[in-house]
C-alpha cells in the first residue's frame, strides 16, 4: 500500500541531518544579526498572553490563577499548529529550486517545516514553564501524559501540512483559504474562553477537531488527564490523516516538480 509514498517517507526520515540543518539555517538567516533571535517571538507571545489574559480574563470574570495558564498554554500550542499548517501550504512552492535541481525525497521539505517550527516552539515553551512555575498545576501526576499528547499533536499537524502542501502546489489560492479558515477556527476553539462557557452550545466543541488536539497537550499540564474519547479521537485523526496524506502523496508525488 502506497509503495512510492512510503519509500519517499523512509528516505526523508533517513535524511534527518539534511532537513534538520535546513530548518536550523532558515531560522539563523531569518534572525541574522539579531541579538535575541527567535526569543523575540517568545517576548511577543508573552506580551500577548499578558495583555489578552488581563482583558479577557476581566471581561469573562475569570480567576487569573486558572485563566492565564489555560490561555498561555493554548496560545503557544495553537501557534505551533497554525505555523506548521500555514507554512506547510508553501513548503513545496518555496523549495522549488531544490526540487527542480536535485533528486531529493519530497517529504523532506515538510519535515523541515515541522522541525523549524518545533525549534521556535521550544523557545515559546519558556512561557509555559513560567506560567506553571508561578501558578503551578492542579495535579503534577498528569504531567507524563503530556509527552504522548505532544507526539499525537505533532503527528496531526504534520499530516495536515502535507495534505495542504500538495494541494497548494497545484492550486495557489489554497494558502489564503487555509489561513482564513484557521483564523475562524481560532475563535471557536477553547483558547480565549474556558470550555465550560459553551454549555448551551457544546456542539461547537464536540465537532471541533482542534479542541481535542489542544486538550491532548494542555490538560496534562494544568493537572487534568485527557478523557479516553480525546485520546481515541486524537489517535484516529493521526492514523486516518496519515493514510490520507500518504494516498495523496502516492498519487501526486511525481507531479509536484511540474506544478511548482
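The values are calculated or read from the model by the stated rules, or taken from the named source; none is laboratory data. Fair warning: this is a prediction, and the values are worked out from it, not measured in the lab. Cβ atoms come from the backbone with ideal geometry, glycine included; neighbour counts cover every protein chain shown.
Would you be able to tell me the number of residues in the stretch 55-86 that are surrounded by fewer than 14 Cβ atoms within 10 Å (Cβ to Cβ), over 19 Å from residue 223 (Cβ atoms) and in contact (Cβ under 8 Å) with a residue 40 or more places away in the chain?
Number of matching residues: 1.
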Any helices (runs of 4 or more DSSP H) falling wholly within the stretch 83-196 and containing at least 3 residues that are under 21 Å from residue 248 (Cβ atoms) and modelled with pLDDT of 90 or more
91-94, 107-135, 146-170, 174-188
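Condition check ((1) surrounded by 11 or more Cβ atoms within 10 Å (Cβ to Cβ); (2) within 29 Å of residue 95 (Cα to Cα)) across all residues:
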position	(1), (2)
5	yes, yes
10	yes, yes
14	yes, yes
23	yes, yes
33	no, yes
36	yes, yes
46	yes, no
50	yes, no
53	yes, no
Give the residue that is farthest from residue 43 (Cα to Cα), with candidates limited to residues of the stretch 105-118 that are surrounded by fewer than 21 Cβ atoms within 10 Å (Cβ to Cβ) and touching a helix residue (DSSP H, G or I) at 6+ places or on another chain (Cβ under 6 Å).
105
